[in-house]
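The values are calculated or read from the model by the stated rules, or taken from the named source; none is laboratory data. Keep in mind that this is a model prediction, so the values were computed, not measured. With ideal geometry, Cβ positions are generated from the backbone for all residues, glycine too; neighbour counts draw on all protein chains shown.
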């Protein structure tokens, strides 16, 4: 039987099984409890407020309650933990999740790289990857849009888009909350918000903050210090002004200051008997690392945005203007007791964006949205790497130094539109179109030591400032490129009955081209072509048993071309990471999501993701890797969760909850898949919590929680290293703690 047929039959079998079990469960409890229903979830996936179930697209939502009640804090990467066919492992504290949806993402960490999953904060596109790991606080919801979103959500969304929506000021009575959390690894969190009317019917405000810190989970055997400490602070101030009956303005100021220690890694000898080129280096025990040097990360993100909403009768005009200033300084240590490489980078992004949208009323036979989007970004980057000579370490004379300086400008302009035509009462047709023009120019220069015998530094401290040896220019790239692209989508939706709708979606996606910032020699100074995807999706959305059950499912197929992949290799004692193009690829899969309220106070949810990915016509370093899977694309994801509330006297209650997620094997690279050395096998993570809610005026929640309940050990990253050194980055161990949340 062909693989495609087996895959489709498996998808149908799972869909049927889920539907059958849900019907049995509800038949068993029919008539039990009251008439409560699942709450309606409102999203803005089509740039206007709609019910999640009415939008003909695969969307998952993380609600405010889930974020607010999460034990140990809720960083951005956790938003995908219950989303089928999606992962966002955080392998450097809160520094930079690697976003993957339906196998589409990027492992390249160069400052010049754009990613196929678009990250938005209150509808504002955030480009630098280091700015996307922010803590979530005082949030309304997180919308996860799966599949190409190239019409309304921009150019770099071949994989999908994620919109983080914060709570806004209102003209209601003053209200707020405060949360304190303490856990193992010296974890502490303080979070709160307060807002209300400042001037009756004219001006309202809201201020929110978070302060989160914890020690690392590894201990360095060389100096006895913990590895992976973080301290993350953020502040958001918003003002809402009702300028007149038809014009409303929201001003937001936000700031973040993150201090971390980069990637908490373990390294050991991969040679015979656990040796490296320099000597023996036994594999550290679990919870330990052994390395020299210093690790530091500092991210500062400041921004301002102004959102205007103008009521023009049957029309509405929206304007969103934003400016963001993002800087990261990162120092990487040796990951071994021997000197085999350290790094330092100073990246500074300044971005400005402007979006205008004019939309018709929703409840019309033909509704529409048209708009324009402008984006400018300037990147100033300096990255250094070194092997310090024997005066400072045990490298036995091996030494090196190199520095890459980048000045890059990006200018993007787009026109877009989307319309929904109610053809008949059960049939609607949504179509969208976007034309994008993007220009990038880069001035890249790399210099490197000419001879390892001439490498010298005045000091090992701040070595990147104190190199004194001779240098030679190895790479110069001064190029300017412009790409134009027309993307579109077509989605008919048919109302089967009062409870179910089926849709068929075709979408063409586009991820802009660029330059490979990791070039070490002139031959690697390449232009990376844009990648394109033609995506086909068939889905159903349904509600049953008086809206006590929602059941959504879809199957999809992607024809993927000019895929931008991260090719990693070891050459001349250095790890070379280059962004390049693979010829073609195929992605296909299926997704199922269930949410249920079978009896009062019992809430259940489940999701299943099935995924097949394959690279075609992919060659790197003279080796043909065609047939390999796309990196970080698990073939199966499964998430289940349950919460149960026990009402008590005086409005008090007890709440118990647990969530579990399984993820099958992933490969960290599109190459090196002949064995499992740079992969992570399948594993399951679970969490549990118990909350006592004090009702009445007190409105206080006291919670005890455990994350990674079984203390599962798993890798979040691993690549080949030179000098017979192996290394990995580990996911979070078991964490537990208590929190107090009060609302006022």
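Annotations
- Test for residue 201: is it assigned to a loop (DSSP other than H, G, I, E, B), farther than 30 Å from residue 727 by Cβ, touching a residue at least 12 places away in the same chain (Cβ under 8 Å) and in contact with a strand residue (DSSP E or B) (Cβ under 7 Å, 6 or more places away or on another chain): yes
- Some residue of the range 258-269 being surrounded by 16 or more Cβ atoms within 10 Å (Cβ to Cβ), over 29 Å from the mean Cα position of the chain (by Cα) and either modelled with pLDDT of 85 or more or over 30 Å from residue 318 (Cβ atoms) (or both): yes
- Residues (modelled with pLDDT under 90 and out of contact with any helix residue (DSSP H, G or I) (no Cβ under 7 Å at 6 or more places or on another chain)) located in the range 90-104: 91, 92, 93, 94, 98
- Meets criteria (more than 21 Å from the chain's Cα centre (by Cα) and modelled with pLDDT under 85) for residue 107: no
- Residue in the range 288-331 that is surrounded by the fewest Cβ atoms within 10 Å (Cβ to Cβ), counting only those that are touching a residue at least 60 places away in the same chain (Cβ under 8 Å) and not in a strand (DSSP E or B): 292
- Any chance residue 519 is touching a residue at least 24 places away in the same chain (Cβ under 8 Å), part of a loop (DSSP other than H, G, I, E, B) and either in contact with a strand residue (DSSP E or B) (Cβ under 8 Å, 6 or more places away or on another chain) or under 21 Å from residue 616 (Cβ atoms) (or both): yes
- Residue within the range 451-473 that is touching a strand residue (DSSP E or B) at 6+ places or on another chain (Cβ under 7 Å), under 25 Å from residue 159 (Cα atoms), assigned to a strand (DSSP E or B) and modelled with pLDDT of 95 or more present: no
- In the range 72-108, the residues that are over 21 Å from residue 634 (Cβ atoms) and part of a loop (DSSP other than H, G, I, E, B): 72, 73, 74, 93, 95
- Of all residues making up the range 45-65, the number that are under 20 Å from the mean Cα position of the chain (by Cα) and closer than 22 Å to residue 492 by Cβ: 4
- Only one of 508, 541 that is closer than 20 Å to residue 589 by Cβ, touching a helix residue (DSSP H, G or I) at 6+ places or on another chain (Cβ under 8 Å) and in a strand (DSSP E or B): 541
- Any hit, the range 367-375, residues being surrounded by 15 or more Cβ atoms within 10 Å (Cβ to Cβ), in contact with a helix residue (DSSP H, G or I) (Cβ under 7 Å, 6 or more places away or on another chain) and modelled with pLDDT of 95 or more: no
- With respect to the conditions (1) buried (at least 18 other Cβ atoms within 10 Å of the Cβ); (2) not in a strand (DSSP E or B), residue 691 falls short on a single one, namely (2).
- Inside the range 149-177, residues that are modelled with pLDDT under 90 and outside any loop (DSSP other than H, G, I, E, B) make up a count of 1.
- Condition check for residue 570: part of a strand (DSSP E or B) and within 28 Å of residue 385 (Cα to Cα): yes
- Residue within the range 347-355 that is closer than 30 Å to residue 308 by Cβ, part of a strand (DSSP E or B) and more than 27 Å from the chain's Cα centre (by Cα) present: no
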